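Trainee: Before I ask anything, here is the structure I am working with.
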Amino acid sequence: MRLLKELDPREPAEIGQELHRFAAQLYPICRSITGNGIRKTLALIQNRIPLQTVEVPTGTPVFDWTVPKEWNIRDAYIKGRGGQRIVDFQQSNLHVMNYSTPVRATMPLSQLRPHLFTIPEHPDWIPYRTSYYQENWGFCLSHNQMLALENGDYEVCIDSTLEDGHLTYGECYLPGRSTDEVLISCHACHPSLANDNLSGLAVATALGELLSGRDLRYSYRFLFIPGTIGAITWLARNRETVGRIRHGLVLTGIGDVGEFHYKKSRMGNAEIDRAVAHILRHDCESPAVLEFSPYGYDERQYCSPGFNLPIGCLMRSVWGSFPEYHTSADNLDFIKPQQLAGSLHLCAAVLDVLENNQRYRNLNPYGEPQLGRRDLYRSMGGESIGLEISARLWVLNFSDGGYSLLDIAERSGIPFSVISDAAQLLCQSGLLSVVPDERASKTALEGTPHYSNPTEVTSSR
Ligand SMILES: [Zn+2]
């Protein structure tokens, strides 16, 4: 199965428009780590892929954490002397510090001031602020808006609730031939922020649509969860079965015009790390592969030492490295259809590596098999052999049962897709056979060739 071949044949810009439209549909929703915003978001994802939503009650202990109270908000504003709304939640949900406790009061500017947050360097942007684990309230506004506030009394209202309820997350499981899993995780807890949150949700949903109903080697599990506490909650509830996860990706910040950045798993040399690095090397102009660090997105939880799962994080511009990060400027204009489509394409290419990275055995290892009489070689001597034929020779030479196709692709410098096509063709020609997938098998580079004597090969024919 080749996902790339199943991808929508339309132009990337057109596919990207659709991804962007979905992000735009999710954009106005006021999400948080709990509450109706994330439920609405999951309901829209559920219209596209089979999603199970899970509700975990407030107070549930999850490792060193506790599921917090549920937060919901209907309205919020600061009104000036004339009764007009100077800061209005209905204009932008970023205006309220996420998880603000309810407030109804009239107060002088001096008292309101400590609850106001701005970005002086970008005086037109609204910052995104949260206070999940410490009860507080606040408003976020543009610096220019704040400068315009005169001394006097202001009517302040945050019509929110912070009560016992649930933490909600969504899980989409697509069974494959093996119960070994690929985990795709994205956070769904940011309000109107496009790159940080919605780009990952849109691409992961499209990836789920692409995989649905296909004959897959691995089973796939998509998580749409609140950041940090959601990943910790999921891990706590699935502690016994996370061993099934063979590969995983956290998808986030993949809609901006920046080049790809891949942050490796804590293991550093997991198959997913090598697969993404390989695709980036061949498909992108100046991608960056970053070593693991214990700060970032939910790979922090999946790669905590107790789990140490083979899960990396795919981004374009890295969190915190661009001025729009966590501000109102991370809006629908900041993410581009072309980039969203490119990210979907890249993910499909990576999954193609995982789905097709197997070991093979050359059934004719004594000398090169005569490819010409099988119509697998150039017809005229003297011409250069080209990439396809070169790939056949590489696959035949290294398919001793020890090297995987990804090992061969890395060693030859030939794209995985070409190597994989060659393997398929050689199998059809009876020159190769698949070596059954051994769980936790060593990488071929550490392994040894598997031919001990000619009779072994004869008997395996
Ligand atoms: Zn964020």
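Trainee: Using only Cα atoms, what is the ratio of the radius of gyration of the range 303-354 to 2.2 N^0.38 Å?
Mentor: For the range 303-354, the normalised Cα radius of gyration is 1.48.
Trainee: Please report the projected area of the range 137-295's Cα convex hull averaged over all directions, in nm².
Mentor: Taking a quarter of the hull surface, the average projection is 13.9 nm².
Trainee: If you build the convex hull over the alpha carbons only and average its shadow over all orientations, what do you get for the range 54-114? Give it in nm² to one decimal.
Mentor: 6.3 nm²
Trainee: Kirkwood Rh over alpha-carbon pairs of the range 170-239, then Stokes-Einstein at 25 °C and 0.890 mPa s: what D in µm² s⁻¹, rounded to an integer?
Mentor: 192 µm²/s
Trainee: Something else about it: Give me, ordered by chain and number, the residues 5 or more places off VAL435 or on other chains with an amide H under 5 Å from its own placed amide H.
Mentor: ARG359, TYR360, ARG361
Trainee: Further question: Give me the percent relative contact order of the range 222-321, please, defined on Cα pairs under 8 angstrom at least 6 residues apart.
Mentor: 43 percent
Trainee: Just to be sure I follow: if Rg is taken over the C-alpha atoms of the range 118-159 and Rh is the Kirkwood radius over the same atoms, what is Rg/Rh?
Mentor: Dividing the radius of gyration by the Kirkwood radius yields 1.01.
Trainee: With N denoting the number of residues in the range 240-394, provide Rg(C-alpha) divided by 2.2 N^0.38 Å, to two decimal places.
Mentor: 1.36
Trainee: Placing unit charges on C-beta atoms (Lys and Arg positive, Asp and Glu negative, everything else neutral), compute the dipole magnitude of the chain about its Cα centre in debye, rounded to 20.
Mentor: 680 debye
Trainee: Check cross-link reach from LYS263 to the lysines: straight Cα distance under 25 Å, and skip same-chain residues fewer than eight apart.
Mentor: LYS336, LYS442
Trainee: Still on this model: Solvent-accessible area per residue for the range 72-197 at a 1.4 Å probe radius, Å²?
Mentor: 43 Å²
Trainee: In terms of Cα to Cα distance under 21 Å, which lysines are near enough to LYS69, apart from those fewer than 8 places away along the same chain?
Mentor: Hits, sequence-local ones excluded: LYS40.
Trainee: What Kirkwood hydrodynamic radius, in Å, does the range 22-83 give when the mean of 1/r is taken over all pairs of distinct Cα atoms and then inverted?
Mentor: Answer for the range 22-83: a Kirkwood hydrodynamic radius of 14.2 Å.
Trainee: Follow-up question, since we're still on this one. Report the accessible area of ASP88, computed with a 1.4 Å probe over the heavy atoms of all protein chains in place, in Å² rounded to the nearest 10.
Mentor: Here the accessible area works out near 20 Å².
Trainee: What residues of the range 221-240 lie in the reach of a label at TYR133, counting those whose backbone N is under 14 Å from a point 7 Å from the Cα along Cα→Cβ?
Mentor: Under cut-off, by backbone N: 227-233.
Trainee: To the nearest µm²/s, what D does Stokes-Einstein give for the range 267-347 at 4 °C and 1.567 mPa s, using the Kirkwood radius over alpha carbon pairs as Rh?
Mentor: Taking Rh from Cα pairs, D becomes 90 µm²/s.
Trainee: Moving on to the next point. Sequence-distant or interchain residues sharing an amide H contact under 5 Å with ASP75, placed H: which?
Mentor: The answer is ASP159.
Trainee: Working out 0.36 nm times the residue gap between SER433 and ASP375, then minus their Cα-Cα distance, what length gain in nm do you get to one decimal?
Mentor: Gain on extension, SER433 to ASP375, equals 19.0 nm.
Trainee: Continuing with this model, one more query. State the answer as a single residue: which of ALA349, ASN364, GLY386 lies farthest towards the positive end of the charge dipole of the range 338-391, with beta carbon charges of +1 for Lys and Arg and -1 for Asp and Glu, about the Cα centre.
Mentor: Projecting each Cα onto the dipole axis, the largest value belongs to ASN364.
Trainee: What does the charge dipole of the range 316-398 about its Cα centre add up to, to the nearest 20 debye, if the Cβ of each Lys and Arg holds +1 and the Cβ of each Asp and Glu holds -1?
Mentor: 460 debye
Trainee: Given the C-alpha atoms of the range 10-140, compute the convex hull and give its volume per residue in Å³.
Mentor: With only Cα atoms used, the range 10-140 gives 183 Å³ per residue.
Trainee: Cα centroids of the range 216-270 and the range 22-51: how far apart, whole angstrom?
Mentor: Rounded to whole Å, the Cα centres lie 19 Å apart.
Trainee: Percent of Cα-Cα pairs per 10 Å bin, from 0 to the last occupied bin, for the range 218-330, please list those.
Mentor: 13, 45, 33, 9, 0
Trainee: What share of all Cα pairs of the range 353-415, in percent, falls into each consecutive 5 Å distance bin?
Mentor: Taking every Cα pair in the range 353-415, the percentages come to 4, 17, 25, 24, 18, 9, 3, 0.
Trainee: Order TYR132, TYR218 by their accessible area, 1.4 angstrom probe, all chains in place, largest first.
Mentor: TYR132, TYR218
Trainee: Given a Förster distance of 30 angstrom, what is the FRET efficiency for ARG411 paired with GLU209, based on the Cβ-Cβ distance and rounded to 0.05?
Mentor: After rounding to 0.05, the efficiency reads 0.30.
Trainee: Moving on to the next point. Sorted by mean Cβ packing within 10 Å, highest first, what order do the peptides 143-156, 20-33 take?
Mentor: 20-33, 143-156
Trainee: What would the Debye formula give as log10 I(q)/I(0) at q = 0.19, 0.20, 0.26, 0.30 Å⁻¹ for the alpha-carbon point model of the range 380-434, no solvent?
Mentor: Result of the Debye calculation: -0.59, -0.64, -1.00, -1.24.
Trainee: What order, most packed first, do the peptides 229-237, 162-170, 209-217 have when packing is the mean number of other Cβ atoms within 10 Å of each residue?
Mentor: 229-237, 162-170, 209-217
Trainee: Below 12 angstrom from the Cβ of ARG31, what's the summed charge of the other residues (Lys, Arg +1; Asp, Glu -1)?
Mentor: Charge balance in the 12 Å sphere: +1.
Trainee: Would you mind computing the Rg to Rh ratio of the chain from its alpha-carbon coordinates, Kirkwood style for Rh?
Mentor: 1.08
Trainee: Keeping all protein chains in the complex and leaving out DNA, RNA and ligands, what accessible area do you get for PHE334 with a 1.4 Å probe, in Å² to the nearest 10?
Mentor: Around 40 Å² of this residue is reachable by solvent.
Trainee: Could you give the size of the charge dipole of the range 136-247 about its Cα centre, using +1 on the Cβ of each K and R and -1 on the Cβ of each D and E, expressed in debye and rounded to the nearest 20?
Mentor: Computed about the Cα centre, the dipole is about 1000 debye.
The values are calculated or read from the model by the stated rules, or taken from the named source; none is laboratory data. This one's a predicted model, so the numbers in the text were calculated from it and none came from an experiment. With ideal geometry, Cβ positions are generated from the backbone for all residues, glycine too; neighbour counts draw on all protein chains shown. Quick note on the areas: whole protein, heavy atoms, side chains included, nothing else; ligands and nucleic acids left out. Shrake-Rupley method; radii C 1.70, N 1.55, O 1.52, S 1.80 Å.
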